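Please read the structure below before turning to the comments.
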Amino acid sequence: TLLIVEKGKIDGGRRRRKECGGDSKSIGIREMSGISTAAYFARRAAQKERVRILYRRALKDTLNWAVHRHIFYRDASDLREKFNANQDVEDVDRIDKLIAHGEAEYDKWRHPDPYIVPWAPGGSKFCRNPTPPAGIEIVYNYGLEDNP
């Protein structure tokens, strides 16, 4: 038997599933795409991960281009609409092409000088106060030491 997820039916964050028998009238994932069910689900999981990563990177990069929050909110909404426009595509090859096109667009429009948090690697405050060299003792309770 094949396990098929019914399209568009979401119940409390979990998709409803139905079991299909081996009769000739049921159309399984294996017959639709020409690959095994496990390989299909693995490929779809990888595609979902790539889309999630692409969306998060594009959303963070949108914040680099927008100076004010009201501009960012509009741009973020437009970005979400672009991703939602292709959310119902089921063909795995078409999804791969859409992801490749989205990644190419992201690389084309990526900000040349992105904002980096000051204390993160590459930021202006990163390693501003480096650790002292070996052999130097730092007394943190200066003036409060026990004097015998």
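The values are calculated or read from the model by the stated rules, or taken from the named source; none is laboratory data. Note that this is a predicted model, so its numbers are computed, not measured. For neighbour counting, all protein chains shown are included, and Cβ atoms are generated from backbone atoms with ideal geometry for every residue, glycine included. Surface accessibility is based on the protein's heavy atoms, side chains included, excluding ligands, DNA and RNA. Shrake-Rupley method; radii C 1.70, N 1.55, O 1.52, S 1.80 Å.
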Quick one: V67 ticks every box in (1) open to solvent by 60 Å² or more (accessible area, probe 1.4 Å); (2) in a helix (DSSP H, G or I) bar one, so which box is it? (2)
Quick check on I116: is it loosely packed, with under 11 Cβ neighbours inside 10 Å and at pLDDT below 90? no
Give just the number: which of (1) under 17 Å from the mean Cα position of the chain (by Cα); (2) within 30 Å of Y40 (Cα to Cα) does S77 not satisfy? (2)
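Listed here are the residues, each with its yes/no results for (1) open to solvent by 100 Å² or more (accessible area, probe 1.4 Å); (2) of a type in the set (D, E, K, R); (3) within 17 Å of R50 (Cβ to Cβ).
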| position | (1), (2), (3) |
| --- | --- |
| E81 | yes, yes, no |
| V89 | no, no, yes |
| D93 | no, yes, yes |
| G102 | no, no, yes |
| Y106 | no, no, yes |
| R110 | yes, yes, yes |
Among Y115, Y106, the single one that is part of a helix (DSSP H, G or I) and on the phi < 0 side of the Ramachandran plot is Y106
F72: passes all of (1) in contact (Cβ under 8 Å) with a residue 12 or more places away in the chain; (2) surrounded by 15 or more Cβ atoms within 10 Å (Cβ to Cβ) but (1)
Scanning for something under 23 Å from A66 (Cα atoms) and either open to solvent by less than 100 Å² (accessible area, probe 1.4 Å) or part of a loop (DSSP other than H, G, I, E, B) (or both), does the range 127-148 turn up at least one residue? no
Here is a check on your reading of the model: is R57 surrounded by 13 or more Cβ atoms within 10 Å (Cβ to Cβ), in contact with a helix residue (DSSP H, G or I) (Cβ under 8 Å, 6 or more places away or on another chain) and modelled with pLDDT of 80 or more? yes
Residue pairs within 6 Å by beta carbon, gap of at least six or interchain, first lying in the range 30-51 and open to solvent by 80 Å² or more (accessible area, probe 1.4 Å), second assigned to a helix (DSSP H, G or I) and at pLDDT below 95, listed first then second, are R30/T37
